[in-house]
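**Q** This is the structure, below, for whatever I ask next.
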Amino acid sequence: MDVRIETSWKQRLAPEFEKDYFIRLTEFVRSEYSRTTVYPPARLIFNAFDQCPFDSTKAVIIGQDPYHGPGQAHGLCFSVTEGVPNPPSLQNIFKEIQSDLGKPLPPNGDLTRWARQGVLLLNATLTVQAHQAGSHQRKGWEEFTDAAIRCLAEEREHLVFILWGAYAQKKGAFIDRNKHLVLTSAHPSPLSAYNGFFGNKHFSRANEYLVANGQVPIEW
């Protein structure tokens, strides 16, 4: 099966593309794009991988579902395209960066700049029907993104895995804490941000770990 995805990831994930679940998933996703509005645009489904090659990855942030409103999702978790208002969780992420690192709030919510520095911004589910949160969950995407996380966790060392909220923590439960830094806290959503997301200092902690392991820190 020809899946258009960045070459280094294509090599690592090739076995997944031949599995029954992925063939069924592909059929489902194609059918959804042909009959209704689905986000992100089809060419951006694998944007997280395309912007952040396997060997360039330094940190992984795990999200759950793409945004389901017009013009928001572009294949990077928590990120929105320039010109789109920042959703509440992203506003809270920027507030924590400001408080943790003393950085001003950025001009827009496009996190492509993080991805190009080696931050894999990976949603567990890579597509969603417009205005239907969670509509493409349990169709196979979770299995595929588990495989991507497993590749990184097993083949690489000294990565930072950032797991906000119970869903991401469950998805990353298998990661070896002796080999990687795993940062966990409440989710940045307004419903939970005051229960431990604010003040988690994940951005400074990630950079300290990267520097201690000979890596260039991330300009958050």
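The values are calculated or read from the model by the stated rules, or taken from the named source; none is laboratory data. Since the model is a prediction, treat every value here as computed from it, not as a measurement. Every residue, glycine as well, gets a Cβ built from its backbone with ideal geometry; the counts of neighbours run over all protein chains shown. Side chains are part of the model used for accessible areas, which takes the heavy atoms of the whole protein and leaves out ligands, DNA and RNA. Shrake-Rupley method; radii C 1.70, N 1.55, O 1.52, S 1.80 Å.
**Q** Which residue, T36, T57, T81, tops the fluctuation ranking in a GNM of the chain built on C-alpha contacts under 10 Å?
**A** Greatest mean-square fluctuation among the candidates belongs to T36.
**Q** Over the chain, give the accessible area per residue in Å² for a 1.4 Å probe, as an integer.
**A** 46
**Q** Another question, if that's okay. Tell me, what HN-Hα J-couplings in whole Hz come from the Karplus equation 6.51 cos²θ - 1.76 cosθ + 1.60 at θ = phi - 60° for each residue of region 108-113, using x for Gly and Pro?
**A** 8, x, 7, 8, 3, 4
**Q** Further question on the same structure: Only loop residues by DSSP count here, and only those with at most 13 other Cβ atoms within 10 Å; note down the chymotrypsin sites (Phe, Trp or Tyr not before Pro) in region 140-196 that meet that.
**A** For chymotrypsin sites (Phe, Trp or Tyr not before Pro) across region 140-196 that sit outside H, G, I, E and B with at most 13 neighbouring Cβ atoms in 10 Å, the list reads F174.
**Q** In region 164-220, with Lys and Arg counted as +1 and Asp and Glu as -1 at Cβ, which of these residues, A186, I218, F174, has the Cα nearest the positive end of the dipole, that is, farthest along it?
**A** Looking along the dipole axis, the top candidate is F174.
**Q** Given +1 on the Cβ of Lys and Arg, -1 on the Cβ of Asp and Glu, and no further charges, what dipole in debye does region 70-150 carry about its Cα centre, rounded to the nearest 20?
**A** Once rounded to the nearest 20, the dipole reads 60 debye.
**Q** Sticking with this structure for a sec: Using r as the Cβ-Cβ distance of S99 and Q11, and R0 as 35 Å, what FRET efficiency do you calculate, to the nearest 0.05?
**A** Efficiency computed from Cβ-Cβ geometry: 0.30.
**Q** Can you list the GluC sites (Glu not before Pro) in region 112-220 that are in a DSSP coil and have 13 or fewer other beta carbons within 10 angstrom?
**A** Sparse-neighbourhood loop GluC sites (Glu not before Pro): E157, E219.
**Q** Could you derive backbone 3J(HN,Hα) for region 19-29 from the dihedral phi with the Karplus parameters 6.51, -1.76 and 1.60 (θ = phi - 60°), listing whole Hz in sequence and x where the residue is Gly or Pro?
**A** The phi angles translate into 6, 4, 4, 6, 5, 5, 4, 4, 4, 4, 5 Hz.
**Q** I need the phi-derived Karplus couplings for region 35-52: 6.51 cos²θ - 1.76 cosθ + 1.60, θ = phi - 60°, integer Hz, Gly and Pro marked x.
**A** 10, 8, 8, 10, 10, x, x, 3, 5, 10, 4, 9, 4, 4, 6, 5, 7, 9
**Q** If you don't mind, another one. Write down the percent of antiparallel bridges among all DSSP beta bridges whose residues are both part of the chain, to the nearest 5.
**A** Numbers: 3 of 17 bridges.
Percent antiparallel among DSSP bridges in the chain is about 20.
**Q** While we're here: For region 145-207, state which trypsin sites (Lys or Arg not before Pro) are in a DSSP loop and have at most 12 other beta carbons lying within 10 Å of their beta carbon.
**A** Of the trypsin sites (Lys or Arg not before Pro), the ones in loops of region 145-207 whose Cβ has at most 12 other Cβ atoms within 10 Å are R177.
**Q** Then there is this: Within region 99-140, which residues have the backbone N less than 13 Å from the label spot 7 Å out from K19 along Cα→beta-carbon, could you tell me?
**A** It comes to 139-140, nothing else.
**Q** If you don't mind, there's one more thing I want to ask. Once the piece of chain linking R30 and R177 is laid out straight, how much longer is it, given 0.36 nm per residue of separation minus the C-alpha distance between them?
**A** Computed gain between R30 and R177 is 49.2 nm.
**Q** Can you give the Rg to Rh ratio of the chain, both from alpha-carbon atoms, with Rh computed by the Kirkwood formula? All intermediate terms of the calculation are to be shown ahead of the outcome.
**A** Numbers: Rg = 16.6 Å, Rh = 17.6 Å.
Expressed as Rg/Rh, it is 0.94.
**Q** Also, quick follow-up: Heavy atoms only, probe 1.4 Å: what % of the accessible area of the chain goes to carbon and sulfur, would you let me know?
**A** 49
**Q** How would you classify region 1-123 from its alpha-carbon gyration tensor, with a ≥ b ≥ c the square roots of the eigenvalues: rounded for a/c under 1.5, else prolate if a/b is greater than b/c, otherwise oblate?
**A** oblate
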